[in-house]
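S.K.: The structure that follows is given in the form of structure tokens.
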Amino acid sequence: MKIDCQSARKGFTLIELLVVISIIGLLSSVVLASLTTVRSKARDSQRVQEMRSIQKAIELYRSDNGHYPDTRTSPTPAAPCNGWTSFDSVTYGPCDIYTPNAADLWTALSPYLGRRPADPRPAGNTSGYLYISTAGGADYCFMVYLTPENLNNFADTLINPVRCGGTDSSGLCTTPGTGNGGTMQQSAIYVGSGAYAINGC
């Protein structure tokens with residue numbers, strides 16, 4: 001009796017299956033890496049858009065009130081706020097706006113914003129959308145603090161020089177900024193007025 005070898009072989013060999021599984025695994029890892037990069041870039045783009053909307057709200061507030069929301073006049077800023085306030089930071093969110101008296105930054109700016117801004121991916125209690133003013137609300141700085149994922153996604157003019165002095169090819173802050181005696185090395189972007197616009201915060 002003769003066995004037909006051609007008809008007996010109907011499946012794949014183990015080696016063929018392992019090769020196919022390896023190729024699928026490699027393609028999956030490439031697609032996932034690309035997807036992660038796209039999501040990170042989308043979140044950074046959202047941060048810039050929200051920062052610009054908040055900047056417009058701050059300017060509208062000034063147009064209506066004659067000054068920016070004031071975080072520094074009275075009482076003397078104390079820890080943990082030290083003059084900072086925020087929309088979404090656990091640490092700075094509860095800090096007051098003094099002139100005019102407002103419970104927080106959202107209360108002061110809500111007439112100019114459609115919804116309460118919040119970072120799409122918080123990075124701890126102090127991270128988020130932070131705001132500080134000079135005494136009397138003459139100038140301000142608004143900062144997206146610790147959450148920007150790739151500083152190369154932003155224009156150089158948005159990178160806060162107080163917090164970061166330089167980045168590597170992957171967008172990580174690798175050189176300290178000018179703040180705190182040149183020891184701050186943090187991911188942050190900002191907009192501001194007066195000295196804050198030039199020097200950062």
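S.K.: From the list T126, T157, T91, which one is surrounded by fewer than 18 Cβ atoms within 10 Å (Cβ to Cβ), of a type outside the set (F, W, Y) and within 18 Å of K56 (Cβ to Cβ)?
M.R.: Step by step, each of T126, T157, T91 is checked, and only T157 is surrounded by fewer than 18 Cβ atoms within 10 Å (Cβ to Cβ), of a type outside the set (F, W, Y) and within 18 Å of K56 (Cβ to Cβ).
S.K.: May I ask you to list the residues in the range 37-56 that are among the β-branched types (V, I, T), within 21 Å of G171 (Cα to Cα) and either loosely packed, with under 11 Cβ neighbours inside 10 Å or at pLDDT 90 or above (or both)?
M.R.: Filtering the range 37-56 for residues among the β-branched types (V, I, T) gives 37-38, 48, 54.
When the remaining residues are screened for being within 21 Å of G171 (Cα to Cα), the result is 37-38, 48.
Passing the criteria: V38, V48.
S.K.: What number goes with the only condition from (1) over 25 Å from D70 (Cβ atoms); (2) at pLDDT 95 or above; (3) surrounded by fewer than 20 Cβ atoms within 10 Å (Cβ to Cβ); (4) not small (G, A, S) that Q185 does not pass?
M.R.: (2)
Per-residue answers, yes or no, for (1) on the phi < 0 side of the Ramachandran plot; (2) part of a loop (DSSP other than H, G, I, E, B); (3) within 13 Å of the chain's Cα centre (by Cα); (4) basic (K, R):
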{"residue": "T107", "(1), (2), (3), (4)": "yes, no, no, no"}
{"residue": "G114", "(1), (2), (3), (4)": "yes, yes, no, no"}
{"residue": "N125", "(1), (2), (3), (4)": "yes, yes, no, no"}
{"residue": "M143", "(1), (2), (3), (4)": "yes, no, yes, no"}
{"residue": "T147", "(1), (2), (3), (4)": "yes, yes, yes, no"}
{"residue": "M184", "(1), (2), (3), (4)": "yes, yes, no, no"}
{"residue": "Y190", "(1), (2), (3), (4)": "yes, no, yes, no"}
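S.K.: I'm checking my understanding of the structure. Among residues of the range 57-74 that are out of contact with any Asp or Glu (no Cβ under 9 Å at 6 or more places or on another chain) and in a loop (DSSP other than H, G, I, E, B), which one is modelled with the lowest pLDDT? Break it down stepwise before answering.
M.R.: We begin by selecting, within the range 57-74, every residue out of contact with any Asp or Glu (no Cβ under 9 Å at 6 or more places or on another chain); these are 57-67, 69-70, 72-74.
Imposing the further condition that a residue be in a loop (DSSP other than H, G, I, E, B) reduces the set to 66-67, 69, 72-74.
Values: G66: 93, H67: 93, P69: 93, R72: 81, T73: 68, S74: 60.
Taking the candidates together, the pick is S74.
S.K.: Moving on. Name the pairs whose Cβ atoms lie under 9 Å apart, with the first residue in the range 148-160 and farther than 13 Å from M51 by Cβ, the second of a type in the set (S, T, N, Q) and buried (at least 22 other Cβ atoms within 10 Å of the Cβ), and 6 or more positions between them or separate chains?
M.R.: These pairs meet every condition: E149/S187; N150/S187; L151/S187.
S.K.: May I ask you to list pairs of residues, at least six apart or on different chains, whose Cβ atoms are under 9 Å apart, with the first in the range 84-96 being in a loop (DSSP other than H, G, I, E, B) and the second being basic (K, R) and surrounded by fewer than 24 Cβ atoms within 10 Å (Cβ to Cβ)?
M.R.: Note: pairs meeting the criteria are F87/R116; D88/R116.
S.K.: Take the residues of the range 75-94 that are out of contact with any Gly (no Cβ under 6 Å at 6 or more places or on another chain) and over 15 Å from T134 (Cα atoms): which is modelled with the lowest pLDDT?
M.R.: We begin by selecting, within the range 75-94, every residue out of contact with any Gly (no Cβ under 6 Å at 6 or more places or on another chain); these are 75-76, 78-85, 87, 90-94.
Among the residues that remain, those that are also over 15 Å from T134 (Cα atoms) are: 79-80, 87, 90-94.
Values: A79: 72, P80: 78, F87: 93, V90: 91, T91: 91, Y92: 91, G93: 87, P94: 84.
Step by step, filter the range 75-94, then rank; the result is A79.
The values are calculated or read from the model by the stated rules, or taken from the named source; none is laboratory data. Note that the structure is a prediction, hence the values are computed from the model and not measured. We place every Cβ from the backbone using ideal geometry, glycine too, and count neighbours over all the protein chains shown.
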